[in-house]
Amino acid sequence: MSVVRGDLRIQLALDVPAGSVLVIEGANGAGKTTLLATLAGHIAASEGRVQLGATVMEDVARGVRLPTQARRVGVCYQDRRLFPSLTARDNVAYGARSRGIDRKAARDAADSWLERLGMASLAALRPARLSAGQAQRVALARALACSPRWLLLDEPLAALDPDARAQTLDVLVAALQDFDGPVLLVSHERDVAQRLSAGCVRMERGRLVSVDPALDHRARNVRMSDDREQDDPVRDDRVRGVDEGKDGDNGL
Amino acid sequence: MRLRRGDGGEGAAPSVFAVLAFVGAAFLVLPLAALVARAPWTRAAALLADADLRSAIVLSLGVATGATVLAAFFGLPLAWWLSRGRFPLRGALRALVTLPMVLPPVVAGVALLAAFGRRGLLGGALEAGGLTLPFTTAAAVLAAAFVSAPFFVRSAEAGLSAVDPALEAAAASLGASRWRIMRTVTLPEARRSLTAGLVLCWARALGEFGATITFAGNVRGTTRTLPLAVFSALQRDPDLAVLLGVLMLGLSLAVLVALRGEEVRP
């Protein structure tokens, strides 16, 4: 898949199997956030294909492009993007409400996420009254609570003080253990990948340059060993961003 | 350390400015003070009890509110289109939509006659449908809407343009439909500009005179709104005109208070 944004050209192929986490690191401006925005559907890819399991989200050659709403993706944005006019609780409940779940049930679910993240007492506050770290946890809760099929988490632990960070990382590890879709997580911090037993790739100027040796890296595809897939074909919910470049590399 | 204005006096105005500023302020304030000073307070109760006057007040509030509702109903989608749409001649459309703000109101009235008058462009079609606009309250509402809607459209457009698209993208990622994004993110984010636009629009509609008297006429109880009543009273009973003036001054003050702190960008 490739996408061009100003001077930046992102060109890469990724394959993240269902139930596994891929951590992306890289310097500022390497294109990590742009990559996530493209996968989420906020930016149109200029070439290639994005696919989740059997669902083609985007295929430039065939003119397919699912709107963001239909991608069933949970995004935790680096700049958080909480809705200023809604309380923390209603921010977290927003995804469920959008899918037609009634207010009470959506709020109850939101409250339990906020409680897990140590934010129960702040549920009635609006984002303007939250600290950066508190807003960060609300943003993470909102992404996890929207019943996504896959997750894009952009620096979900930034802006947290050490105590909150430890707690949030625990919750994230537990939540992702239960989560059976693919997860892409942008982070600079090495311990995150370790705690999530995630693979790790590094982006530089729009390309993947180095890959954790634990990963099987071939044909410019990054893929992780995936034992679960054989046991359970339903779990074939991998996300793929395939670069159909000049060399006719069709990914998988 | 940052210097505060006035610390050393270097930014002080030349003294002639003080004189000019005083004259300018006096010119703006004096007529209003005179209006209040000249008001026939002793006759006020008797004058205000007049049935014609009460009907003018009710008519004015109704016409201004009707014009504002029209402006909001069609103006919000228009503002949306101007702020989000990508189409050729968007700048030209924006200028055309703004034009009634600077057009002499009497010209607006003539233009409305040319379009909707009995012998106007659409007058024949309207008449065939059993609709004659001139000299009706509906015409007064249209005249007020024509001159006041741009205040709402421009203010709403500015507000909609200022909404962070990243928030709307986030709402979309959470599965929200376009309507839901608009209702829960865009409009709440723009609400200050939208309210300011509504208040400005209503105030302008309330004060509308030229287009109304030209297009809708000055028919007591049907199109004689407060400004027209002031104009009519001036010939018969200047005391009444002054009193009505004070009344409208009070309404204008109320509008200013309502807009307090809002960024007003007509």
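Each reported figure results from applying straightforward, stated rules to the coordinates on display, with no laboratory input. Small disclaimer: the values here were computed from a predicted structure and weren't measured. Cβ: placed from backbone, ideal geometry, glycine included. Neighbour counts: every protein chain shown.
Data for the structure
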item: Pair B:V23, A:D178: separation of 7 Å Cα→Cβ label points (nm); result: 7.8 nm
item: Using a Förster distance of 22 Å, the FRET efficiency for A:H188-B:D164 (Cβ separation, nearest 0.05); result: 0.30
item: Residues whose placed amide H lies under 5 Å from that of A:L52, excluding near-sequence neighbours; result: A:M57, A:R240
item: Cα→Cβ-extended label distance, 7 Å offset, between A:S121 and B:R2, nm; result: 3.5 nm
item: Sorted by Cβ density within 10 Å, fewest first, the residues A:E47, B:E168; result: A:E47, B:E168
item: Sorted by Cβ density within 10 Å, fewest first, the residues A:L130, A:L185; result: A:L130, A:L185
item: Ranked A:K32, A:K104, criterion: other C-beta atoms within 10 Å, fewest first; result: A:K104, A:K32
item: Under the Karplus curve 6.51 cos²θ - 1.76 cosθ + 1.60, θ = phi - 60°, whole-Hz ³J(HN,Hα) for segment A:176-184, x wherever Gly or Pro sits; result: 6, 5, 7, 8, 9, x, x, 10, 10
item: Rg/Rg_globular for segment B:45-258, with Rg_globular taken as 2.2 N^0.38 Å and Rg from C-alpha atoms; result: 1.16
item: Amide hydrogen neighbours beyond the local backbone of A:E47, cut-off 5 Å, H modeled; result: A:S2
item: Cβ-derived FRET efficiency at R0 22 Å, B:A254 paired with B:R38, nearest 0.05; result: 0.55
item: At least 18 Å along the helix axis (C-alpha) and Kyte average at least 0.5, DSSP helices within chain B; result: B:15-38, B:51-84, B:90-102, B:137-161, B:191-206, B:238-258
item: Efficiency of FRET between A:A27 and A:D161 - r from beta-carbon atoms, R0 22 angstrom, step 0.05; result: 0.35
item: Amide H contacts under 5 Å for A:V186, placed H, 5+ residues apart; result: A:I24, A:L153, A:D154, A:E155
item: Residue mean of other protein chain beta carbons inside 10 Å, B:161-172; result: 5
item: Whole-Hz ³J(HN,Hα) from phi, Karplus 6.51 cos²θ - 1.76 cosθ + 1.60, for segment A:18-28, glycine and proline x; result: 4, x, 10, 10, 10, 8, 10, 10, x, 5, 4
item: Beta bridge orientation in the protein assembly as shown: antiparallel %, DSSP, nearest 5; result: 55 percent
item: Residue-averaged beta-carbon neighbours from other chains (10 angstrom radius) around A:96-108; result: 2
